[in-house]
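Working notes, beginning with the structure itself.
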Amino acid sequence: MDAIRRLVVVALLAVWCFPAVSAAKSPPPSAAQRSAPPTSGTPATSNENDEATWESLATREQKAPQLQNFKGGRVYIYLGSGALLVIVIVLLILLV
């Protein structure tokens, strides 16, 4: 009887926890991706955009010199409610 109870609990946990993985869908491609023909070789990049990006990064870095001395803070561990529920149920099974 105890083995059947554990089997039922394991089956319910599997059904409750794993349907979300199988239900995940990728987003549909955008109109630009659908209409753009595939190109051979590497696409050309514009140097103007790259230079503008580097210039904006340099100005932001000059505006905030205190960021050089940044030191990381505390470490937070986040457990979602699903993971917490699974842990509680496993502990209940082991302790009962």
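The values are calculated or read from the model by the stated rules, or taken from the named source; none is laboratory data. Model, not experiment: these values are computed from the prediction. Cβ coordinates were reconstructed from backbone atoms using ideal geometry, including for glycine residues, and neighbour counts include every protein chain displayed.
What are the residues in segment 65-96 that are more than 30 Å from residue 11 (Cα to Cα) and assigned to a loop (DSSP other than H, G, I, E, B), if any?
The answer is 70, 71, 72, 73, 74, 75, 76.
So for segment 7-23 (the condition being under 30 Å from residue 93 (Cβ atoms), at pLDDT 80 or above, in contact with a helix residue (DSSP H, G or I) (Cβ under 8 Å, 6 or more places away or on another chain) and assigned to a helix (DSSP H, G or I)), does at least one residue qualify?
yes
For the subset of segment 68-88 comprising residues that are modelled with pLDDT under 80 and of a type in the set (A, V, I, L, M, F, W, C), which member is surrounded by the most Cβ atoms within 10 Å (Cβ to Cβ)?
It comes out as 79.
Check off (1) modelled with pLDDT under 80; (2) loosely packed, with under 10 Cβ neighbours inside 10 Å for residue 51 and give me the number that stays unchecked.
If we test residue 51 against (1) modelled with pLDDT under 80; (2) loosely packed, with under 10 Cβ neighbours inside 10 Å, just (2) comes out false.
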